[in-house]
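Comments concern the structure below.
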Amino acid sequence: MKGEEEDASENPDQQASSGRKGKQDRYVAPEMQSFTKVYRFGHDLLVTTYVGDEDAPPRLFLLDTGGFDNQITLATAREITHVHDSPLMKVQGISGDVNKVYRAERAIIRFGHIRHYDKDLVTFDLTHISDDVGN
């Protein structure tokens, strides 16, 4: 009917079906306030994570379902634990080999309601990935 056609910018179902992209306000139902927030950048998912002590500052971690192991940035690893060279460890990705690989002695990683203790965590410089996601 004339005058009753909805604008796709006001209807999320039409936005999804029309393929429209862009910034949108999100609604979080009261019963979902305690849920862990996940941020999407293209095909990447970022989740607020705490590494180290109970009073550690929040950090955004990239969730990579195709990763071979948990990995943290070299800078974060050096803040929370001892870091050792790992010359025999080889890390290879779509962009090639990682030149310098390290192992973080130990780390407690917390996100959502999960607390995970990790030992000998794979560590290398992830600045280029962080910069890529942030832009």
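Where a number appears in this text, it was derived from the coordinates with a stated rule and is not lab data. Note that the structure is a prediction, hence the values are computed from the model and not measured. With ideal geometry, Cβ positions are generated from the backbone for all residues, glycine too; neighbour counts draw on all protein chains shown.
Points worth noting:
- Taking other C-beta atoms within 10 angstrom as a stand-in for reagent exposure, His113, His43, His84 fall in the order His43, His113, His84, fewest first.
- Between the listed residues Ile72, Gly42, Pro30, the Cα displaced farthest toward the positive end of the dipole of region 29-134, a dipole computed from Cβ unit charges relative to the Cα centre, is found at Pro30.
- Among the GluC sites (Glu not before Pro) in region 48-107, those placed in a DSSP loop whose Cβ has at most 15 other Cβ atoms within 10 Å are Glu54.
- Residues listed by number, region 106-126, amide nitrogen under 14 Å from His82 label point at 7 Å toward C-beta: 106-107, 120-121
- Val28 versus Gln92: modelled label distance in nm, points set 7 Å from Cα along the beta carbon direction: 4.2
- Difference of contour (0.36 nm per residue) and Cα-Cα distance, Glu54 to Asp69: 3.1 nm
- Two-decimal log10 I(q)/I(0) for region 29-134, as the Debye equation yields it once each C-alpha is a single scatterer, q = 0.12, 0.21 Å⁻¹: -0.44, -1.26
- In region 84-125, trypsin sites (Lys or Arg not before Pro) in a DSSP loop with at most 10 other beta-carbon atoms within 10 Å: Lys90
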